[in-house]
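Working notes, beginning with the structure itself.
The values are calculated or read from the model by the stated rules, or taken from the named source; none is laboratory data. None of the values given here were measured: they were computed from a predicted structure. A quick note on method: Cβ atoms are made from the backbone with ideal geometry, for glycine too, and the neighbour counts reach across all protein chains shown.
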C-alpha cells in the first residue's frame, strides 16, 4: 500500500503552518498530507456522486486510471447534470461533447466536437489505448466510437436542456451564461449564477485520483459552454489546458471559461509550478492571478478555477470568483469543499 507517513516527516517542516490530516484551500501557507490510502477529488457538487464509483475502484487497490474513467462516466450518464448528452446544446440546438484522459505514464487521449455518443470519456480512453493519436474530433471521432462498439444515441434534447434552450432562443444572444460564480445581485451567502430555468451552469467535471500504488491519473468531460457557437471547443479536451498529469509531481484539472484556461496553458502550468516547489494551493493561486492580470477588468465577468493534487496527497483549489467547490474523498472523509477565490464574497 502506498504510504504517505514518510512524506510527512520529509516535507512537513518545509511548509508554514500546521500539518494536519485534512484539506485546506484557504491559505497558500498550509499544505496537507494524509497518512495512507488513495484520494479522489473532482470539480463541482456533481463530483460527490462521481467520487462514489471512483472510490469503489480505489479502495480495492484498483488503478487511478480506471477510477477517473468510471467516476466521470457516472456524471455523463445523468440527464440532470449539464455534462453528457443531457446537457445544454450549442446555439444551433445540438449537444457536442469533449473529453480527455491521462495516466501516470503520460499516455493521453481526447475527443472533441463528438455528437450522439453517451460516454466521450471512454472514447477518449480508446483513442489513448488503441490509436497512435492523442485527439480525434467531430465525425471522425464518432466513426471511431461506432467502430469500437459505442451506440449512436438519439439527438433529442433532454427535457431540462430543451427548456433552457427555449428560454435562450427568446433573446438568442450568442454568448454563454456565466459559469457558476456568486452573483452580488443574488440573495444569500452562497448564491451562484443560475440559468433562466433555474439550473446551475455546470459545464464540466474534472477528476484526479491517486491510487494505492502511488500513481496519478486524471479525466475531464464536458458539453462545453451552453449555447456556444457551433464548432466551439474549450480547454476540457486539451491536454495541458483542461488536464495535465505528471506522476513525478502531481496533476491538475481546470473548469470555467475554457478560452481563458487555454491562454495560460492552465493545467500544465499549475503542475510546472508544483515542480518548481510551489504547493498545489500556491500554484493554483498563481495561475488564477495570471488570468486576472491578463483579463483585467473583464475578469469580473468570467469564472475560471483550478483543482490540483500532488503525488504526496496535497490538495489545492482556487477560483477567480466565489462559487467553485470540489468533492473530496479519502479513507476518512467525503465532503464538498468550497474553494477560496481571488475576488471575495459580497
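Taken as a whole, the range 256-265 holds no residue that is surrounded by 24 or more Cβ atoms within 10 Å (Cβ to Cβ), touching a helix residue (DSSP H, G or I) at 6+ places or on another chain (Cβ under 9 Å) and closer than 30 Å to residue 212 by Cβ.
With modelled with pLDDT under 95, surrounded by fewer than 21 Cβ atoms within 10 Å (Cβ to Cβ) and at negative phi as the only criterion, which of 202, 187 stands out? Spell out the reasoning first.
Values: 202 fails: surrounded by fewer than 21 Cβ atoms within 10 Å (Cβ to Cβ).
Among 202, 187, only 187 is modelled with pLDDT under 95, surrounded by fewer than 21 Cβ atoms within 10 Å (Cβ to Cβ) and at negative phi.
The set of residues in the range 266-281 being assigned to a helix (DSSP H, G or I), out of contact with any helix residue (DSSP H, G or I) (no Cβ under 7 Å at 6 or more places or on another chain) and crowded, with 22+ Cβ neighbours inside 10 Å consists of 267, 271, 281. Residues that are buried (at least 21 other Cβ atoms within 10 Å of the Cβ), under 30 Å from residue 133 (Cα atoms) and without any contact (Cβ under 8 Å) to a residue 40 or more places away in the chain do not occur anywhere in the range 308-317. Within the range 297-312, the set of residues being out of contact with any strand residue (DSSP E or B) (no Cβ under 6 Å at 6 or more places or on another chain) and assigned to a loop (DSSP other than H, G, I, E, B) comprises 302, 312.
Scanning the range 319-339 for residues that are in contact with a strand residue (DSSP E or B) (Cβ under 6 Å, 6 or more places away or on another chain) and more than 15 Å from residue 47 (Cα to Cα) turns up 319, 320, 321, 322.
Checked against the criteria, residue 25 counts as in contact with a strand residue (DSSP E or B) (Cβ under 7 Å, 6 or more places away or on another chain) and either at pLDDT below 95 or more than 26 Å from residue 242 (Cβ to Cβ) (or both). Output the residues belonging to the range 332-342 that are surrounded by fewer than 16 Cβ atoms within 10 Å (Cβ to Cβ) and modelled with pLDDT of 95 or more. Of everything in the range 332-342, those that are surrounded by fewer than 16 Cβ atoms within 10 Å (Cβ to Cβ) and modelled with pLDDT of 95 or more turn out to be 334, 335, 336.
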